[in-house]
Structures are given as structure tokens and as C-alpha cells.
Amino acid sequence: MSLVSTVKKVVRDRLIARAGGIDLTRLDKVPDSLSWPLQRDGMAPNQRIADVRDREPVHKLTTFLGLEVWVVTGDAEAREVLRDTTSYSTDIRPYMGKSGSATDGDIGGLGFTDPPDHTRLRALLTPEFTMRRLERLRPGIQAIVDRQIDEIVEAAQHSDTVDLVPTFAFPIPFLVICDLLGLPDEKRETFSKLATARFDVTGGGMGTVGAIGGSREFLLAEAARQRTDPGPGLIGQIIREHGDEISDWELGGLADGVFTGGLETSASMLALGTAVLLENRELWNRLIADSTSAVPIVDELLRMLSVVQVSFPRFAKDDVVVAGQAISKGAVVLVSLPAANRDPRASAGDEMDLTRASGSHLAFGYGFHRCVGAELARMELRMAFPTLAARFPEMALAVPSEELEYRALSLVYGVESVPVTLR
Ligand code: HEM
């Protein structure tokens with residue numbers, strides 16, 4: 001799920017096709033009538049989308065170049081779309097001039113695959129994410145968090161402020177995914193460079209699209225290499241247990257989906273989540289006093305921040321009715337996860353309320369494309385936040401949170417840097 005890059009590319013390619021060659025290489029070139037639901041007001045969704053949710057939770061955004069685009073903003077309505085296994089496709093290959101077979105097309109993993117390929121490939125992946133297997137990663141995750149804490153201390157020796165993005169938020173999920181996939185140590189530096197290029201939003205549209213190829217090619221080659229020398233992680237395990245049911249191409253695609261699905265999302269949660277906690281001293285102190293308070297705190301942060309701004313685009317295969325609203329065949333339906341997650345009909349809305357915290361929010365999606373890595377992400381966040389707070393009780397944001405440099409119009413919401421002082 002390269003939500004930022006792949007969907008950017010999808011939107012671009014589809015629009016180029018429709019526009020007879022107008023090249024929209026960047027999301028910021030997409031017209032406002034299409035992109036305004038991605039605008040945020042600091043940590044919160046923008047007011048306009050909250051108004052739309054309260055008035056018309058299934059809302060036609062626009063008809064652009066003959067394509068109807070809908071946005072769904074209510075909790076119940078979002079679940080209705082996301083659990084529907086028959087009315088929609090998320091397979092973008094037909095829109096990109098590809099055949100739609102599992103071996104053809106530059107798909108970003110499971111998110112852009114329909115049943116029956118989706119069912120078959122997801123069944124290979126889910127055993128790698130059972131609590132039993134994830135528990136094996138726990139000591140390694142704590143060691144990664146501890147190492148990054150040492151890096152923060154080291155960085156503070158050279159400067160009064162430390163940026164938590166390159167020292168904490170990005171490397172923790174990156175290294176966890178390297179362990180999960182079973183990438184050899186000597187290859188991690190190369191991979192890290194490719195990963196950084198891929199997620200460098202400042203690199204602009206084409207730079208990012210070029211970098212997709214790099215990290216994806218790397219994982220395809222790694223899948224092929226591990227075929228004869230299976231490693232200790234997910235890639236090697238799938239080869240050992242199901243090697244004859246999956247091609248190198250599919251396995252590389254699955255690994256790439258895990259990588260892109262897990263890295264930017266978790267990094268954004270660590271960066272934005274820390275900023276929220278540092279401005280809510282009561283929560284910060286609670287984490288210091290009792291690390292188990294991370295359980296409800298993390299789920300409320302996931303709900304409030306909803307870093308994945310829209311679900312994978314659902315293309316209506318037929319005319320469909322959602323919550324009484326008729327949507328035509330061929331339309332694109334987007335679910336705004338931040339808006340649905342703050343729907344006051346289903347949650348504490350815009351208030352963070354630990355007494356109502358639950359794991360049933362939509363930050364990980366819902367239904368058959370729901371995030372495979374949800375429990376791994378929770379595990380990471382539940383370990384990283386209390387460790388950081390306990391180690392640096394006096395940590396403070398170096399600038400007020402309103403002055404942080406938030407990403408404009410990104411599909412995974414985030415912040416460029418989180419400068420802090422340690423005391
Ligand atoms: C806080 C971190 C994360 C968030 C907020 C998040 C969010 C999401 C969401 C919203 C979806 C579903 C989108 C839709 O239905 O349209 C999704 C799917 C997915 N996520 Fe995550 N994710 C996170 C971490 C991870 C991690 C750590 C991994 C793997 C290591 C991962 C792997 C995937 C995969 C493979 C899918 C596609 C599932 C499918 O299509 O069947 N994610 N994620």
C-alpha cells in the first residue's frame with residue numbers, strides 16, 4: 001500500500017488518460033474540488049469536511065473529466081462501503097492499461113488487488129501477523145526503541161534541539177519492518193536510502209515516483225534471492241511454507257505492500273502522536289507513571305489523528321446505493337477516515353476521551369482490506385511512547401504545535417519535523 005505514491009500515480013495516470021495527455025504529476029495540481037477533503041487544520045480534519053459529514057455523509061465531491069467522485073464521511077456509512085465485498089473494485093490496473101492478472105501490473109500489494117487474488121495472497125500474509133508470531137518481535141522492537149533513544153541523547157550533545165523525525169519516528173518502523181521481512185543487515189543501508197527517497201515528500205512528484213521503482217525493485221530482487229536462501233523473516237517464512245503457491249513477483253509485491261503500508265503510517269503516528277502527547281502533559285505523565293496506559297492512549301491517538309486520510313479508492317462495479325444515496329457504476333468512492341473517526345454519532349468526536357477508547361475505530365480501515373499490520377503498529381506505538389516519556393520526562397516541543405510544518409494534501413498525513421528540547 002504505497003498510499004502516498006501509488007494513489008498519486010493512479011490519480012495522475014487516470015487523469016492523464018481522461019485529460020488526453022495533460023500531465024498532473026503532483027497531487028497539488030489536482031483541482032481543489034477533488035483534493036479539499038485532504039486539507040487539515042493542524043491535527044484535525046478541516047471544518048468543511050466535518051460540516052459535510054453532519055449534513056450529507058455520502059457526498060458527491062465532483063464530476064471531473066466525466067468521472068464521478070464521492071466522499072463518505074460518516075462512521076456507519078464508511079463501514080457500509082468498506083465491508084462491501086461485491087460492489088467495488090480496488091484494482092487499479094485496468095485504469096492503467098494493464099490486464100489485471102496477478103502477474104501483470106505495477107500494483108502496490110494487497111490494497112490494490114481484488115478477490116480471488118486478494119483472498120489467496122492475504123491468506124499467505126496473515127499467519128505472519130498472529131499475536132504469537134508478533135510476540136517474537138517484541139524484544140527486537142524494544143531494542144530498536146532503546147537504540148533510537150540513545151541516538152536522541154547523542155544528537156542532543158550537538159544541538160539544543162533534536163528533531164524526532166530522523167532520530168525516532170522514521171527509524172523505528174523502518175528497522176522493525178527490516179526485521180519483520182528478514183532483510184540481511186548488510187543490505188539495510190542501501191534499503192534505507194531507497195526508503196528515504198521514496199518517502200521524501202519534498203522531492204516532488206516525479207522524484208517520488210522514480211524512487212518507488214528503487215525500493216520495489218530491491219524487494220523483488222530480495223524475494224528472488226531468498227528463494228534459494230530463505231531468511232529468518234516473513235519473506236523466508238512464506239517461501240518455506242508456501243513457496244510453490246506464490247511467484248517471486250507476487251512475493252516481492254507483498255513485501256513491498258508491507259513495507260509501504262507500514263513505514264510512513266507508523267512514522268507519522270510516532271511523530272504526530274508525540275507532538276500531541278507533549279502538549280497534553282497529563283497524558284505524558286500518565287505514560288511515565290504507568291506504561292499500560294499506552295493501550296487506551298494509543299487507540300485514541302490513532303482515532304484522533306487518522307493518518308491515512310482516505311481509504312484505497314473503491315471503483316463502483318455497478319450502480320450501488322449507500323445509505324440511501326445512489327452512486328453510478330464507474331464512480332470512485334473515497335472514505336475519509338479522519339472524518340468518519342470523529343463522527344460524534346460513533347465516538348467522542350473531536351474530544352480525546354480515554355474512557356471511551358476502543359480498538360474499533362477506522363484508523364486501520366474496516367472489512368476485507370483492513371490493515372494486516374494493525375497489531376504490529378499498536379505494539380510499536382505502545383512500546384515507543386512510554387519508553388520515550390520515561391526516559392525524557394522533561395521533553396518539550398521547541399515550537400508550539402500550530403507552528404509545526406504539516407504536510408499539505410498528502411494521502412498519509414504527517415509532519416516534516418518535530419523539534420524538541422530534552423529539558
Ligand atoms: C499506525 C500505522 C498504520 C496505519 C494507520 C495503517 C492504516 C491502514 C489502512 C487504513 C488500511 C486499509 C485501507 C483501506 O481499506 O482502504 C491499511 C491496509 C494495509 N496495511 Fe496498514 N496501517 C498501519 C501500519 C501497517 C503496518 C505496520 C503494516 C505492515 C507491516 C501495514 C500493512 C498493511 C497492508 C499490507 C494493508 C493492505 C491490506 C489489504 O488490502 O488487505 N500497515 N493500513
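For Asp290, state whether it is within 30 Å of Arg120 (Cα to Cα) and more than 11 Å from the ligand (Cβ to nearest atom). Judged against the criteria, Asp290 is not a match. Taking the range 274-331, which residues are assigned to a loop (DSSP other than H, G, I, E, B), farther than 20 Å from Ala346 by Cα, over 25 Å from the mean Cα position of the chain (by Cα) and not polar (S, T, N, Q)? Within the range 274-331, Asp290, Lys317, Asp318, Asp319, Lys329, Gly330 meet the criteria.
Would a scan of the range 325-342 turn up a residue that is farther than 19 Å from Thr90 by Cβ and away from the ligand (no atom under 16 Å from the Cβ)? Among the residues of the range 325-342, at least one is farther than 19 Å from Thr90 by Cβ and away from the ligand (no atom under 16 Å from the Cβ), which makes the answer yes.
One line per residue, one yes/no per condition, for (1) more than 9 Å from the ligand (Cβ to nearest atom); (2) surrounded by fewer than 19 Cβ atoms within 10 Å (Cβ to Cβ):
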position: Asp248; (1), (2): yes, yes
position: Leu251; (1), (2): yes, no
position: Ala255; (1), (2): yes, no
position: Val258; (1), (2): no, no
position: Gly261; (1), (2): no, no
position: Ser266; (1), (2): no, no
position: Met269; (1), (2): no, no
position: Leu272; (1), (2): yes, no
position: Glu279; (1), (2): yes, yes
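Selection of first residues in the range 299-322 that are over 17 Å from Ser410 (Cβ atoms) and of second residues that are within 12 Å of the ligand (Cβ to nearest atom) and aromatic (Phe, Trp, Tyr), restricted to Cβ pairs under 8 Å at least 6 apart or on distinct chains, gives the following pairs, ordered by first then second residue: Leu302/Phe364; Arg314/Tyr88; Phe315/Tyr88; Ala316/Tyr88; Lys317/Tyr88; Val320/Tyr88.
Being surrounded by fewer than 18 Cβ atoms within 10 Å (Cβ to Cβ), modelled with pLDDT of 95 or more and in contact with an Asp or Glu (Cβ under 6 Å, 6 or more places away or on another chain): is that true of Ala331 here?
Judged against the criteria, Ala331 is not a match.
Taking the criterion of being more than 7 Å from the ligand (Cβ to nearest atom) and more than 20 Å from Ala76 (Cβ to Cβ), the residues of the range 358-379 that qualify are Glu375, Arg378, Met379. How do the pairs read when you match residues in the range 356-381 that are at positive phi with residues anywhere that are in a loop (DSSP other than H, G, I, E, B), using Cβ under 9 Å and keeping only pairs 6 or more apart or on different chains? From residues that are at positive phi, the pairs are Gly365/Ser311; Gly365/Phe312; Gly365/Cys371; Gly367/Arg83; Gly367/Asp84; Gly367/Thr85. Here is a check on your reading of the model: is Pro338 within 17 Å of the chain's Cα centre (by Cα) and either in contact (Cβ under 8 Å) with a residue 12 or more places away in the chain or under 30 Å from Ile149 (Cβ atoms) (or both)? In short, yes. Only a single item in (1) modelled with pLDDT of 95 or more; (2) within 16 Å of Leu164 (Cβ to Cβ) is not met by Val372, and it is number (2).
The values are calculated or read from the model by the stated rules, or taken from the named source; none is laboratory data. As the structure is a prediction and not an experimental result, all values here were calculated from the model. A quick note on method: Cβ atoms are made from the backbone with ideal geometry, for glycine too, and the neighbour counts reach across all protein chains shown.
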